Amino acid sequence: MRIRVGGLSFEIPDGAAALPPALVPWLDDNRDAPPTATCTLSAENPDDTGAVLFDPGHCWRVESAEEGLRIAVLSDVRTRTAFHTLTLDASLSKGTVHLHKEVLVDGEGPFLLRAPMLELWTSFLLMRGRGLLVHGLGVLHDGAVTIFAGKSGAGKSTLGHLFADAGKGHILSDDRLIVRQEEDGWRVFGTPWHGEAQFASPASGPLRAICFLRQAPTCGLVPLPAASAAARLFATCFLAGWPREEGLQSVLDICARVAARVPCAELSFTPDGRALETAGFP
Amino acid sequence: MNTTTKHAGPSGEKTLAGPSGRKPYTPPSIIRTEIEVTEALMGFCKASGSGSIPSGCSLPCANPGS
């Protein structure tokens, strides 16, 4: 089977596991082009124990591997010792998953790319110059997407509910969006990784504008110069990738290019319909 | 002969005056923006608030692979 997220396709062996319902909309029947990445399952633990290259101190870390790198994901947060692993070649196009025994069951196995493996692999691929994973609400309306960017608690899901209740636009995600450059400009893709409002769609559309969210007593829209917009956009990007310097440079470059071309503004808003009017959705 | 003179800019910073008749050089302003490192590195879970993926979590947002 093949999953396509943000234009990146992942080939997974058929019959290896049932696809989680949350990922069904991202199934891809198109076999015309080779996949971006291919994944296999290994029953064996990787025998090349690698050094820890980067440990952000949360649920994943990067280790060295013989032919590339390994993403190790905690399988149980209580112990912080058991890890699922995704071993990747240098190009990140071939991955081998080993799941810790605690999730292995008889019969049908668990889905290979358990959370957050698929998201991390996607982020690693994007940070090789392919695009951005942005913390934002995406609304497809009149053929183009407006991103409402902000960190946790900024109001993305609240605003998503307002759009849904008003019947305005199609929501791509209320938490994580992928932005990539195509021949005709920047394009925004929905992702399976939604926020509290649980909006998630595989749809996509050209990027129209970016609004950076700020909760305030009154509504207002203030255009941002490109340099400020690039900095604000960078601060709302997810930065999981390796090598770290190369990945950060990639994100910085793309943020600058997006901000130079796309209108950006700060949206001060109250959690009611006035926010939509202020943002240009009367 | 070109001369340079240090003087205070609008916010008190030093700028260098260019050759006579030219606009003084003012360094570009530095834009500071805060990054939430925990979020940026995807090390959080809204469901648990524990900063990680909880074991056995069945929420689609937290664990679509389960």
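The values are calculated or read from the model by the stated rules, or taken from the named source; none is laboratory data. Given the structure is predicted, the values throughout are model-derived calculations rather than measurements. Note that we place each Cβ from the backbone using ideal geometry, even for glycine, and neighbour counts take in every protein chain shown. Remember, those area values only see protein heavy atoms, side chains included, never the ligands or the DNA or RNA. Shrake-Rupley method; radii C 1.70, N 1.55, O 1.52, S 1.80 Å.
When you go through (1) in a helix (DSSP H, G or I); (2) at pLDDT 95 or above; (3) more than 20 Å from the chain's Cα centre (by Cα) one by one for A:R274, which number turns out not to apply?
The one condition A:R274 does not meet is (2).
Could you look through the stretch A:240-264, keep only residues that are part of a helix (DSSP H, G or I), in contact with a helix residue (DSSP H, G or I) (Cβ under 6 Å, 6 or more places away or on another chain) and farther than 30 Å from A:A72 by Cα, and pick out the one that is most open to solvent (accessible area, probe 1.4 Å)?
Ranking the qualifying residues of the stretch A:240-264, first place goes to A:A260.
Restricting to the stretch A:49-60, count the residues that are outside any strand (DSSP E or B) and open to solvent by 30 Å² or more (accessible area, probe 1.4 Å).
Total satisfying the criteria: 5.
Kindly indicate whether A:G205 is closer than 18 Å to A:T146 by Cβ and of a type in the set (G, A, S).
yes
Suppose the filter is out of contact with any His (no Cβ under 7 Å at 6 or more places or on another chain), crowded, with 20+ Cβ neighbours inside 10 Å and within 14 Å of another protein chain (Cβ to nearest Cβ); does A:V24 pass it?
No: the conditions fail for A:V24.
Quick check: is even one residue across the stretch A:133-152 out of contact with any Phe, Trp or Tyr (no Cβ under 8 Å at 6 or more places or on another chain), open to solvent by 20 Å² or more (accessible area, probe 1.4 Å) and modelled with pLDDT under 95?
Yes, because at least one residue in the stretch A:133-152 is out of contact with any Phe, Trp or Tyr (no Cβ under 8 Å at 6 or more places or on another chain), open to solvent by 20 Å² or more (accessible area, probe 1.4 Å) and modelled with pLDDT under 95.
Among the residues of the stretch A:179-208, which ones are open to solvent by less than 20 Å² (accessible area, probe 1.4 Å), at pLDDT 95 or above and of a type in the set (G, A, S)?
Answer for the stretch A:179-208, where residues must be open to solvent by less than 20 Å² (accessible area, probe 1.4 Å), at pLDDT 95 or above and of a type in the set (G, A, S): A:G185, A:G190, A:S201, A:G205.
Please indicate, with yes or no, whether at least one residue in the stretch A:63-76 is assigned to a helix (DSSP H, G or I) and at pLDDT below 95.
Checked against the condition, which is being assigned to a helix (DSSP H, G or I) and at pLDDT below 95, the stretch A:63-76 yields no hits at all.
Among the residues of the stretch A:178-192, is there at least one that is under 22 Å from B:I35 (Cβ atoms), of a type outside the set (S, T, N, Q) and within 12 Å of another protein chain (Cβ to nearest Cβ)?
No, there is no match, as no residue in the stretch A:178-192 is under 22 Å from B:I35 (Cβ atoms), of a type outside the set (S, T, N, Q) and within 12 Å of another protein chain (Cβ to nearest Cβ).
Across the stretch A:1-15, what is the number of residues that are of a type in the set (A, V, I, L, M, F, W, C), at pLDDT below 95 and closer than 13 Å to A:N30 by Cα?
The qualifying residues number 2.
Does the stretch A:35-48 hold any residues that are surrounded by 11 or more Cβ atoms within 10 Å (Cβ to Cβ) and either in a loop (DSSP other than H, G, I, E, B) or of a type in the set (V, I, T) (or both), and which are they?
Passing the criteria: A:P35, A:T36, A:T38, A:T40, A:S42, A:N45, A:P46, A:D48.
Any idea which of A:C237, A:C211, A:C219 is in contact with a strand residue (DSSP E or B) (Cβ under 6 Å, 6 or more places away or on another chain), more than 30 Å from A:V52 (Cβ to Cβ) and surrounded by 20 or more Cβ atoms within 10 Å (Cβ to Cβ)?
Among A:C237, A:C211, A:C219, only A:C211 is in contact with a strand residue (DSSP E or B) (Cβ under 6 Å, 6 or more places away or on another chain), more than 30 Å from A:V52 (Cβ to Cβ) and surrounded by 20 or more Cβ atoms within 10 Å (Cβ to Cβ).
Out of all the residues in the stretch A:169-224, which are hydroxyl-bearing (S, T, Y) and assigned to a strand (DSSP E or B)?
Hits for the stretch A:169-224 are A:S173, A:S204.
Which of the residues spanning the stretch A:81-104 are more than 11 Å from A:A65 (Cβ to Cβ), at pLDDT 90 or above and open to solvent by 30 Å² or more (accessible area, probe 1.4 Å)?
Once the filter is applied, which keeps residues that are more than 11 Å from A:A65 (Cβ to Cβ), at pLDDT 90 or above and open to solvent by 30 Å² or more (accessible area, probe 1.4 Å), the stretch A:81-104 yields A:S91, A:S93, A:K94.
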